[in-house]
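This report concerns only the one structure given below.
The values are calculated or read from the model by the stated rules, or taken from the named source; none is laboratory data. Predicted model, so just to flag it, every value in this text is computed and none were measured. A quick note on method: Cβ atoms are made from the backbone with ideal geometry, for glycine too, and the neighbour counts reach across all protein chains shown.
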Amino acid sequence: MKPHSDDLRERVVAAIEAGRTRVEVAELYNMALSTVGGFIKRKRATGSVRPDKFGGYKTFALEDHTAQVKELVTEQPDSSARAAASATCRFALMVMSRPRFRTHRRSIRGVEPTIH
């Protein structure tokens, strides 16, 4: 769902500032009471009703650990992703997806993983 337009957000906040209640404004613009409250909260906190960025701006999950990952790859260039992840248990949780981590955890316990 796309964010509400800045124009609509401004009109909602202006109606509240003009003395209307949140319930009246919510009914007037056919939106949830919590949405009206969110617009007001954002206006008070930031001075603007503009929404945060919407999708496509998040960074790589391991970006803070790039140097450490490169170091592991440099030290053992022929190792598999599983071996590199096992080298530091902390990375094993971050690098592997949940199903792959379950498979990895079973192989550590000596249980053969079932691949479907």
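I'm checking my understanding of the structure. Among residues of segment 1-41 that are in contact with a His (Cβ under 9 Å, 6 or more places away or on another chain) and not in a loop (DSSP other than H, G, I, E, B), which one is farthest from LYS53 (Cα to Cα)?
VAL12
Listed here are the residues, each with its yes/no results for (1) over 30 Å from LYS2 (Cβ atoms); (2) touching a Phe, Trp or Tyr at 6+ places or on another chain (Cβ under 8 Å); (3) modelled with pLDDT of 75 or more.
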residue	(1), (2), (3)
ASN30	no, no, yes
LEU33	no, no, yes
ARG44	no, no, yes
GLY55	no, no, no
VAL69	yes, yes, no
SER79	yes, no, no
ALA83	yes, no, no
ALA92	yes, yes, no
VAL95	yes, no, no
